[in-house]
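Here, each number is a calculation from the coordinates, and none is a lab measurement. This is a predicted model, so every value here is computed, not measured.
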Amino acid sequence: MSLTSAATLATLDRTGPRRITDLAAVEGVTQPAMTTLVRVMEESGLVERRGDASDKRVTLVCLTEAGASYVRTRRQAGIHAFERLIGELTGDEVEALVAALPALKHLAELESQDREGPRR
């Protein structure tokens, strides 16, 4: 799976259903490229398109259970990788990481706000 596909699934997991144009902007690709990507992920059973109850002209891209499961599995794999690597650090290095956690969390929040933009 491409990084853009994985990032798009993660965005949908974090933010809920989105328009293709919103997803394209968040992931930094063109609308036609995102349309193609969504079609491929739809054929793979990872996402589905649904109408927007508040605007019948709009189609939203939503995660399927298979898509949500993929995101959870990928996140868990990342957690295990970091656990293994952190286990190889010295005590002082682990303490430095713990001390940096508030700043790292704030950076992640800023990045998330920047990538997600306004929700519709």
Give, in nm to one decimal, the length gained when the segment between residue 33 and residue 93 is fully stretched (0.36 nm per residue of separation minus the Cα-Cα distance).
17.4 nm
Residue 64's amide H: which non-local residues (gap 5+, or another chain) put their own amide H closer than 5 Å, with H modeled 1.01 Å from N in plane and none for Pro or chain starts?
47, 48
Based on C-alpha coordinates, I'd like the Rg and Dmax of the chain, in Å.
17.2, 57
Once you've got the GNM for the chain with C-alpha springs shorter than 10 Å, pick whichever of 75, 49, 57 has the biggest mean-square fluctuation.
57
Output the relative contact order of the chain, whole-number percent, from Cα pairs under 8 angstrom with separation of 6+ residues.
26 percent
Correct semi-axes for segment 44-90, from √(5λ) of the alpha-carbon gyration tensor and rounded to whole Å with the largest first, are 37, 11, 5
Over all distinct alpha-carbon pairs, what is the Kirkwood Rh of segment 59-120 in angstrom?
14.6 Å
Please report, in cubic angstrom per residue, the volume enclosed by the convex hull of the alpha-carbon atoms of segment 1-64.
78 Å³
